[in-house]
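Okay, structure first, notes after.
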Amino acid sequence: MTQAPTKQGERRRQELDRVVIRFAGDSGDGMQLTGERFTSATAFFGNDLATLPDFPAEIRAPAGTIPGVSAFQIHFADYDILTPGDQPSVLVAMNPAALKANLEDLQHGGLLIVNSDAFEKRNLEKAGYEANPLDDGSLSVFQIVQIPMTKLTVEAVKGTGLSKKEAQRSKNMLALGVISWMYGRPLDPTIEWLEKKFAKKPGIAQANVLALRAGHAFGETAELTAYEVKPAVLAPGTYRRVNGNQAVAYGLIAASVQAKLPLFLGSYPITPASDILHELSRHKNFGVRTVQAEDEIAAIGMAIGASFAGHIGITTTSGPGLDLKSESLGLAVALELPLILVDIQRGGPSTGLPTKTEQSDLLHAMYGRHGESPVPIVAAYSASSCFWAAVEAVRLSITYMTPVILLTDGYLATGAEPWRLPTMDKLPQIPVRFATQPNVGDQFWPYLRDDVTLARPWAIPGTPGLEHRIGGLEKADGTGNISYDPENHQLMTEMRAAKVKAIEEDIEPLEWRGDEDARVLVLGWGSTYGSIGAACRRLRARDIKIAQAHLKHLNPFPKNTGQVLRRFDKVIIPEMNTGQLAKLIRAEFLIDAKSITKVKGLPFRAGELEEKIVELAS
Amino acid sequence: MTQSNEGPSFLEGVGITEATGGVTTLTRKDFTSDQEVRWCPGCGDYAILAAVQSLMPDLGIPREKIVFVSGIGCAARFPYYLDTYGVHGIHGRAPAIATGIATARPDLHVWVVMGDGDALSIGGNHLIHALRRNVNLKLLMFNNQIYGLTKGQYSPTSEKGKITKSTPFGSLETPFNPISVALGAEATFVARTMDVERKHLPKVLRRAVAHRGSAFVEIYQNCNIFNDGAFMALSSKEGATGNRIYLEHGKPIRFGPDGARGVVMHPDGQLEIVDVASVGEDKILLHDEYRDNPSLAFALSRLADGPTQPTPMGVFRDVDRPVYGDAMEHQLHAAAERQGPGEIERLLHGSDTWTVD
């Protein structure tokens, strides 16, 4: 490590290329907020970054207990990074439970910053410690920094008139101040944010700012080691921080602008999808209509109705909500109307793990409806790619007159990364051609298909002369009248499948990259992108030949998928499920794909993937 | 034709055409589709369809502005027989689908046709919430007190003790009173009529059309196959005069031969049917459709336990409340005025951006 020159008067900072910090505390300690503020300042500073919020489903689990621990991990670096980091090099533990729940992950020799005030008898008991780990030498492999954060906070905010209890609540800002000093993060963005957030409660704003500054000053006075992680060299452009749910919402709005059609969202609150509803409901000036429906079924029903009426019908959900929408999704398949179902995958079955990530809805998306009911599937692979995936889902849905499922997951939804903002000219055109004229003599046939896309015409109410009825009963080819004719059902089943299949002509081919002479391909989909990329980097660093490909379309697969897969001797598929893509790949291409699977509610670590790939590759 | 996709006029709805009706006069035939009607011969649905098809031309609404939405059941075939826009949805979900249509496009006239199982069993949740939101929908519930399409199981409006295929020892369940349910769900327009009411039925439907917002109409409908005669007490010749209590706004609630019977309200709010002569005409309750408080309408809905005794028919309640789709459109306009029309680049840039050179 080199010593870098820094500002005059400031001691030299030790230079690092990357750092992984985990903030952990009680769910009432404001750890998510602390993490987000640190992330904001880090983005502002110019590092590349990735985050992983990890919090319990309970709003406030019993204070001081292990189930109540909430954590936020950030990985930042002076180069482009792909994951929120395997193991934190720094752990900030606000109480004994947070220490106990997270210590196992901290790197040996890592930096452990604790709020020593919280290590008193009652908290230690609640966390299941018989002796105080700060005193018994059990933490000797780490560099421990004990800070009496509670006392320092109370001291710092004296004079604001807040009660002791209220004052203590600012201790997360004190911790943030300390870390900000250690890693040379600017305080101003956070101060501005606090003043805006608590504009109506100036006392609280002041206390938080005082605590933040006190933490910063403590770092300096106590001569804690100071580090520097230089800004990353990123492609030129304007950047912002974005998480997957925001990016989905922005992508849907952008697609609505491109299609020149209003957006209609029917949604029922569910973790972790609700933020898309929250975000879209703020943008009424784009003509976005949002309805918080009475249930998941109504939510998709309303979206179908809106699509029939000529809007872009959207519904967003997660976990059990996907089950509830299945019947209506089948209706949308039969009606052949545009509809975008966004599913933020989370751990299952049933209520499962509402706040934890998983990729276990792929087969449901693919097959989870009665009858032959094909639906195109698009999957996002990073927080910012959620924007493009949403645009793509709308484009396919409108072009092919079909419902489309957009899969993201809890990790993408809540994890943040810097996003180089696109200019509008990068967005695809989404032409909409409503039917305006009869298409068979003086009649209008609602199921007369386009020769290329096999899409049926979209004739919306208000168009004179095109009055027609559509429904869930099987329809006669062309006229759309009810038909129980066996030949017709065979034809319509094949037609619906062919229409979805035809999309393969209209999507990006599957790209692979890596060593030309690699014999092993790691194939992924969805949020494993970063972990797989990081694992492959490590393998290459060990001179192991490896190639990587990532699917953005799961139904249909890109046309060249079989060709790409067959180029390699071995295909390894890491997934956060029990092998769902691997099943599809085996069935579709008769390739003996090998699975690496994990369902622990957390993304793969690059290191764990690295080892498993090596095992399977040999 | 003005139906094309020009310009980003997000707030104006999409491709809304101006009324073309009025130029040419439409007839019942114009509203009749080319599809063969396939209900059982003698089904009450025929009379309702005929009434609706006949009513449509009189409303002066162009066909292309009308959408019929249904769920599943015998009644749900209704949209196929009308030459308007239509969606035959899935069981119970018609009010939800219709809410999407009416909220996206306040310019449309959206009708929902449901059976009693569709509306009150599988779709009960959607019905009550559509009513609560006051979505601009005309919701017709054909109540035959039985499951017809699945061939004769008891429904949520079947009387307790009813023997059906699925209740060979009698139903254990207390039925819903649909009018009470609708009133409890904050419906702004609630009415009841019957398939055999050749004059009253169109009159009530006309009133529903005139009401902007959710209009719930229960239509007693005879299923001559699985529940024949369920409404005999009202539909028979004697029943017509003896048991139908026609509600008329501002008038004393009287019925029976020569209006000999009437409804009085006791000091505790309880309603009772009495001989008018025994209490005096001035004691007879006056009907008030426009009363904001739904208590009177609710009390009237409880006058009969079922259609086997004197039963109120007509409009129970008709009050104004902001309409869901209109109010939402208002919010969109207000947002556009306040924030300016949406610009995607401005949205993406938000407040916290940084530049890399």
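The values are calculated or read from the model by the stated rules, or taken from the named source; none is laboratory data. From a predicted model like this one, the values you see are computed outputs, not experimental measurements. Positions of Cβ are backbone-derived with ideal geometry, glycine not excepted, and every protein chain shown enters the neighbour counts.
Things worth noting here:
- Boolean, A:Leu406 is assigned to a strand (DSSP E or B) and either assigned by TED's automatic domain parsing to the domain that holds A:Asp54 or closer than 22 Å to A:Ala549 by Cβ (or both): yes
- From the options A:Thr34, A:Thr65, A:Thr51, residue that is away from chain B (no Cβ under 14 Å) and within 14 Å of A:Trp193 (Cβ to Cβ): A:Thr34
- Among residues of segment B:311-340 that are at pLDDT 95 or above, those with a beta-carbon under 6 Å from a residue that is of a type in the set (D, E, K, R) and in a helix (DSSP H, G or I) at least six positions away or on a different chain give the pairs B:Val315/B:Arg207; B:Tyr324/B:Arg133; B:Gln331/A:Lys284; B:Leu332/A:Lys284; B:Ala335/A:Lys284.
- Within segment B:75-85, not a single residue is of a type in the set (S, T, N, Q) and out of contact with any Ser or Thr (no Cβ under 9 Å at 6 or more places or on another chain).
- Qualifying residues in segment B:310-357 (those that are hydroxyl-bearing (Ser, Thr, Tyr) and more than 7 Å from every other protein chain (Cβ to nearest Cβ)) - the one nearest to B:Glu272 (Cα to Cα): B:Thr311
- Unique match (being crowded, with 19+ Cβ neighbours inside 10 Å, in contact with a Gly (Cβ under 9 Å, 6 or more places away or on another chain), outside any loop (DSSP other than H, G, I, E, B) and not aliphatic (A, V, I, L, M)) among A:Gly251, A:Gly215: A:Gly215
- Test: residue in segment A:226-244 that is away from every other protein chain (no Cβ under 14 Å), under 30 Å from A:Leu280 (Cβ atoms) and not in a loop (DSSP other than H, G, I, E, B): yes
- For the residues A:Gly287, A:Gly251, the requirement of being in contact (Cβ under 8 Å) with a residue 40 or more places away in the chain and small (Gly, Ala, Ser) singles out A:Gly251.
- Residues being more than 7 Å from chain B (Cβ to nearest Cβ), of a type in the set (A, V, I, L, M) and under 23 Å from A:Lys475 (Cβ atoms) - total across segment A:313-336: 5
- Scope segment A:50-98; condition of a type in the set (D, E, K, R), closer than 23 Å to A:Thr271 by Cα and crowded, with 18+ Cβ neighbours inside 10 Å; matching residues: A:Asp54
- Among (1) in contact (Cβ under 8 Å) with a residue 12 or more places away in the chain; (2) part of a helix (DSSP H, G or I), the one test that A:Gln548 misses: (2)
- Test: residue in segment A:198-220 that is more than 18 Å from A:Ser385 (Cα to Cα), within 14 Å of chain B (Cβ to nearest Cβ) and of a type in the set (D, E, K, R): no
- Selection from segment A:244-268 of residues that are over 17 Å from A:Pro428 (Cβ atoms) and out of contact with any His (no Cβ under 9 Å at 6 or more places or on another chain): A:Gly244, A:Gln246, A:Leu265, A:Gly266, A:Ser267, A:Tyr268
- Residues of segment A:106-121 that are surrounded by 19 or more Cβ atoms within 10 Å (Cβ to Cβ), part of a loop (DSSP other than H, G, I, E, B) and more than 34 Å from the chain's Cα centre (by Cα): A:Phe119 alone.
- Consider segment B:157-178 and keep the residues that are touching a Leu at 6+ places or on another chain (Cβ under 8 Å) and surrounded by fewer than 20 Cβ atoms within 10 Å (Cβ to Cβ). The one that is farthest from B:Lys203 (Cα to Cα) is B:Lys160.
- Members of segment B:260-286 found to be in contact with a strand residue (DSSP E or B) (Cβ under 8 Å, 6 or more places away or on another chain) and either closer than 27 Å to B:Ala215 by Cβ or part of a loop (DSSP other than H, G, I, E, B) (or both), listed by number: B:Ala260, B:Val263, B:Met265, B:His266, B:Leu271, B:Ile284, B:Leu285, B:Leu286
- One residue stands out among those in segment A:412-447 that are more than 24 Å from A:Glu392 (Cβ to Cβ) and within 39 Å of the chain's Cα centre (by Cα): the one that is nearest to the other protein chains (Cβ to nearest Cβ), which is A:Ala435.
- Looking only at segment B:78-101, and only at residues there that are farther than 24 Å from A:Ser326 by Cβ and more than 7 Å from every other protein chain (Cβ to nearest Cβ), the one that is surrounded by the most Cβ atoms within 10 Å (Cβ to Cβ): B:Phe78
- Evaluating B:His129 against the criteria (1) over 22 Å from B:Cys40 (Cα atoms); (2) crowded, with 24+ Cβ neighbours inside 10 Å leaves one unmet condition, (2).
- Screening B:Gly92, B:Gly86 for residues that are in contact (Cβ under 8 Å) with a residue 12 or more places away in the chain, in a strand (DSSP E or B) and not β-branched (Val, Ile, Thr) leaves exactly one candidate, B:Gly86.
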